[in-house]
Amino acid sequence: MGFQDSRYLHQEVKGLIKFQMEMTEENSMKIKHCPNKSCEYHKNPIPKFYYKHGSYTTKRGIRTERFKCRGCGKTFAENINDNTYGQQKPDINRMLFHMLCSGMTLRRIARTLEVCPKTVQRRIDWLTPYCMERHVAFLEAVGDQLHWVQFDEMETCESTKLKPLSIPLIIHPKTQKILGFDVAAIGAKGHLAKTYNEVYQYPRINETRESFNRLFEFITRYCKNIKIIMTDQKPAYIKVVEKYFPEAEHVAILSRKKAEKKITEATAKEERETKEGKDKMFILNHFCARLRADIAALRRRTWSVCKKPSNLAQRLLIYTCYTNKTLDY
């Protein structure tokens, strides 16, 4: 069965499920005031300041009532206070949210939901501020209860391997919740650096230091009781931890690859089996592997590369709400 026959997905759920986001109490279906700002009932509404004024059926088969203001005659729909107001297909929001965090590309999501790829990107732009609002609320609620975090980086690329990106990441190992992240440009390494200089005439600025500062400034606003920070032995990590968390204990762990270089092949297996030989950053490394599996733009050797770092930051923020379960989807 091809994508042209996937309309049955919508026929099965039509009339049974209304996918709506309820972010705050203001986004209820109850009409609180007239949407016309010049109307007297906009600031000082009275009970029953409106009356029923017909209805309409959307393209998805959802019947929506319309009302008319008694003061100014403004007509409006019953979902005027809903944050999906103005969307022709609000029922795709929940499926789109889960598809974005399930390793599907934007074009494949558009084909499956039978919408334009631009619609998918617009919904991502629409989801981003709500996800940021929920993530901040999550940190305000649990930030003071967190005492142990892990910090490290993962790398991907921007449209080509000649333009690598760094993603500094802070998680809580016990609950595997994402506390913060950032996206920064870094220079090409090895033979790719020479190729970059031949292709591009401008140098690529390394934004790693600025990225660390942005991330830790964000974390210090909400997580003020962190006592243990685990990282590897990168010198830049030591400096940024001492700057923002001078009272916390910084546990700098030798990376797995460097540790295995210091032991012989004969003792490597024995060293791995002991407690001292286990990867103490396993939780964060395993989480990075999950990110690469669940976000198509982070996979290695793939066509679904990220065109802009800002778009990648949007996908990461949506995945943050997905894995932290802070969005009611």
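The values are calculated or read from the model by the stated rules, or taken from the named source; none is laboratory data. Because the structure is predicted, anything quoted here is derived from the model rather than measured. Cβ coordinates were reconstructed from backbone atoms using ideal geometry, including for glycine residues, and neighbour counts include every protein chain displayed.
Remarks
- When the test is whether a residue is within 29 Å of N206 (Cβ to Cβ) and buried (at least 20 other Cβ atoms within 10 Å of the Cβ), V120 does not pass it.
- Across the stretch 123-145, not a single residue is classified as of a type in the set (A, V, I, L, M), out of contact with any Pro (no Cβ under 7 Å at 6 or more places or on another chain) and not in a helix (DSSP H, G or I).
- The condition of being over 30 Å from W303 (Cβ atoms) and either modelled with pLDDT under 80 or of a type in the set (A, V, I, L, M) (or both) holds for only one of K52, K59, that being K59.
- Scanning the stretch 35-82 for residues that are of a type in the set (D, E, K, R), more than 30 Å from E114 (Cβ to Cβ) and assigned to a strand (DSSP E or B) yields K52, K68.
- Flag for D125 being touching a Lys or Arg at 6+ places or on another chain (Cβ under 6 Å) and of a type outside the set (A, V, I, L, M): no
- Test set (1) assigned to a loop (DSSP other than H, G, I, E, B); (2) surrounded by 15 or more Cβ atoms within 10 Å (Cβ to Cβ) - Q88 fails condition number: (2)
- Residue satisfying condition, being at pLDDT 90 or above and part of a helix (DSSP H, G or I), within set A268, A293: A293
- Top-ranked residue in the stretch 290-305 [being closer than 19 Å to A184 by Cα and out of contact with any Ser or Thr (no Cβ under 7 Å at 6 or more places or on another chain); ranked as surrounded by the fewest Cβ atoms within 10 Å (Cβ to Cβ)]: R300
- Residue within the stretch 192-204 that is closer than 22 Å to F287 by Cα and touching a helix residue (DSSP H, G or I) at 6+ places or on another chain (Cβ under 8 Å) present: no
- Filtered residues of the stretch 110-127 (kept if in contact (Cβ under 8 Å) with a residue 12 or more places away in the chain and touching a Leu at 6+ places or on another chain (Cβ under 6 Å)): V120, R123
- Hey, I62 within 30 Å of I295 (Cβ to Cβ) and within 32 Å of the chain's Cα centre (by Cα) or not: no
- Test set (1) β-branched (V, I, T); (2) closer than 19 Å to Y319 by Cα; (3) not in a helix (DSSP H, G or I) - V115 fails condition number: (2)
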